[in-house]
């Protein structure tokens with residue numbers, strides 16, 4: 001297959017537009033930084049992102065390359081189907097829960113990152129440990145979405161995948177490097193528009209291709225493969241529930257989410273942005289679902305792709321670009337490539353900014369070098385952006401399945417970080433001892449439960465653990481069980497240690513985490529606040545009496 005020149009021109013044009021907008025936003029960032037806090041402007045845009053841009057950047061962050069490719073892949077897979085497409089629904093639920101419960105407590109104290117309340121409650125050591133799963137998640141997510149672009153470019157343009165990975169990574173790193181959240185947010189607007197245009201343009205051509213049957217007829221009837229609606233057997237109910245819970249709750253404790261709600265002008269705007277994004281995420285999954293349904297309804301022997309089918313060749317992960325290339329005219333498939341590229345860019349930059357923000361502010365500024373200046377923190381953030389971007393791009397070469405990497409991203413965060421964040425926001429008196437015990441026990445339980453994507457078999461066989469095709473499969477909702485055990489241990493150990501030290505059952509000098517000192521400081525602060533409130537009340541009465 002010869003090089004597709006129109007596709008090459010279009011992708012280069014898209015890259016230029018994206019870079020130009022990123023540079024423009026970076027210049028705006030510099031103008032704002034001259035009048036304010038450099039770190040705050042870079043991380044949360046000076047808390048001045050309007051509703052329109054906020055909605056676009058929130059939606060574009062979730063609806064990335066992994067989202068549109070993975071949704072088409074799961075719908076198409078003979079063993080999957082629409083019933084197993086849980087990510088769009090899970091994201092929507094997570095965004096709603098975030099708006100209802102997490103926005104207000106996070107914004108009330110004007111935090112800059114998700115790690116701030118964790119660091120404030122559990123100290124620097126635990127904050128560093130909790131940063132690790134978040135960093136791993138961002139890195140693998142970055143790798144997954146770059147690999148999704150590489151698959152599209154390979155199919156449509158006949159270019160080696162490493163070239164597209166390197167080019168995309170360089171563009172994303174460049175504008176994220178200098179513009180911070182402003183560059184990411186404003187490029188997200190154009191990227192989301194490109195993606196919607198490309199998907200909507202290609203979809204009608206794919207659905208009307210004569211080699212494809214009506215997706216209505218193949219939804220419940222087996223023609224070329226199993227129906228694309230899929231089937232949920234009773235024995236897999238536990239797996240389905242486990243997955244939807246960890247996608248919903250596990251999508252909340254990510255810096256990319258809190259970065260956007262903390263950047264909104266007001267708390268009400270942040271809530272509205274999150275709620276509207278839940279609707280747009282579900283809506284933008286529809287084109288990918290239809291692409292997967294078309295792929296399942298196509299007689300591939302009548303196309304130039306031929307047999308065996310994409311599933312039989314192990315190319316189900318590339319089904320979206322395959323459909324665009326083989327079922328759409330060449331000039332239309334170019335727009336499809338632009339849609340994939342836009343989706344990749346919109347999520348990739350968010351991953352880089354997320355990790356570099358937490359490292360520069362929470363790790364470097366608050367732990368490694370507390371006297372670091374604003375400019376020094378910015379330099380560290382930029383260096384970490386380059387390093388993390390390069391690391392993620394290198395992992396993209398090892399990616400075999402978009403959906404596997406996508407699913408694996410949230411598991412450690414769900415099991416280890418979500419319970420900790422929940423406790424610091426909603427359960428008082430949890431402390432560093434409980435945090436440490438919960439972290440290590442949760443990590444052990446999660447690993448011993450088995451990690452299929454890393455080919456780690458389960459050591460702990462939960463109820464209904466079954467041998468399927470030579471591999472043990474956990475049919476029990478063990479991921480949610482692990483999260484709940486982590487939450488339980490955190491609360492129990494925290495309250496137990498608090499009682500033991502507070503009532504002198506254990507010597508105070510054994511309190512290496514200084515929770516008794518922290519409790520004294522909190523109590524003194526509360527007393528000062530109460531005294532201040534009493535004085536204010538007295539002053540009000542005096543003024544009233546004088547009048």
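Things worth noting here:
- Answer residue from the range 118-139, given it is surrounded by 20 or more Cβ atoms within 10 Å (Cβ to Cβ) and either farther than 21 Å from residue 180 by Cα or out of contact with any helix residue (DSSP H, G or I) (no Cβ under 7 Å at 6 or more places or on another chain) (or both) and is modelled with the lowest pLDDT among those: 133
- Checking the range 81-89 against the condition returns a match, with at least one residue being over 20 Å from residue 249 (Cα atoms), in contact with a helix residue (DSSP H, G or I) (Cβ under 9 Å, 6 or more places away or on another chain) and surrounded by fewer than 24 Cβ atoms within 10 Å (Cβ to Cβ).
- Test: residue in the range 199-213 that is under 28 Å from residue 410 (Cβ atoms), outside any loop (DSSP other than H, G, I, E, B) and touching a helix residue (DSSP H, G or I) at 6+ places or on another chain (Cβ under 7 Å): yes
- One residue alone among 54, 22, 64 is touching a strand residue (DSSP E or B) at 6+ places or on another chain (Cβ under 9 Å), buried (at least 24 other Cβ atoms within 10 Å of the Cβ) and either at pLDDT 90 or above or under 19 Å from residue 259 (Cβ atoms) (or both), and that residue is 54.
- Scanning the range 327-346 for residues that are surrounded by fewer than 24 Cβ atoms within 10 Å (Cβ to Cβ) and either under 10 Å from residue 195 (Cα atoms) or without any contact (Cβ under 8 Å) to a residue 40 or more places away in the chain (or both) gives a single hit, 335.
- Selected residue (criterion: surrounded by the fewest Cβ atoms within 10 Å (Cβ to Cβ)) from residues of the range 459-513 that are part of a loop (DSSP other than H, G, I, E, B) and within 26 Å of the chain's Cα centre (by Cα): 475
- Condition met for residue 237 (in contact (Cβ under 8 Å) with a residue 24 or more places away in the chain and surrounded by fewer than 20 Cβ atoms within 10 Å (Cβ to Cβ)): no
- Take the conditions (1) over 25 Å from residue 130 (Cβ atoms); (2) modelled with pLDDT of 90 or more; residue 483 misses just one of them, which is (1).
- Residue pairs meeting the criteria (Cβ under 6 Å; at least 6 apart or on separate chains; first closer than 14 Å to residue 302 by Cα, in the range 199-213; second part of a strand (DSSP E or B)): 211/298; 212/298
- When residue 79 is tested against (1) assigned to a helix (DSSP H, G or I); (2) closer than 30 Å to residue 233 by Cβ, just one condition goes unmet, and that condition is (1).
- No other residue among 145, 165 is in a helix (DSSP H, G or I), over 24 Å from residue 56 (Cα atoms) and under 21 Å from the mean Cα position of the chain (by Cα) apart from 165.
Condition check ((1) touching a residue at least 24 places away in the same chain (Cβ under 8 Å); (2) within 23 Å of the chain's Cα centre (by Cα); (3) in a loop (DSSP other than H, G, I, E, B)) across all residues:
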| residue | (1), (2), (3) |
| --- | --- |
| 425 | yes, yes, no |
| 429 | yes, no, yes |
| 437 | yes, no, no |
| 446 | yes, yes, no |
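- Filter pass, residue 296 being within 26 Å of the chain's Cα centre (by Cα) and either closer than 30 Å to residue 112 by Cα or surrounded by 24 or more Cβ atoms within 10 Å (Cβ to Cβ) (or both): no
The values are calculated or read from the model by the stated rules, or taken from the named source; none is laboratory data. Note that the structure is predicted; figures quoted are calculated from it, not measured. FYI the Cβ positions are ideal-geometry reconstructions off the backbone, even for glycines, and counts take in every protein chain you see.
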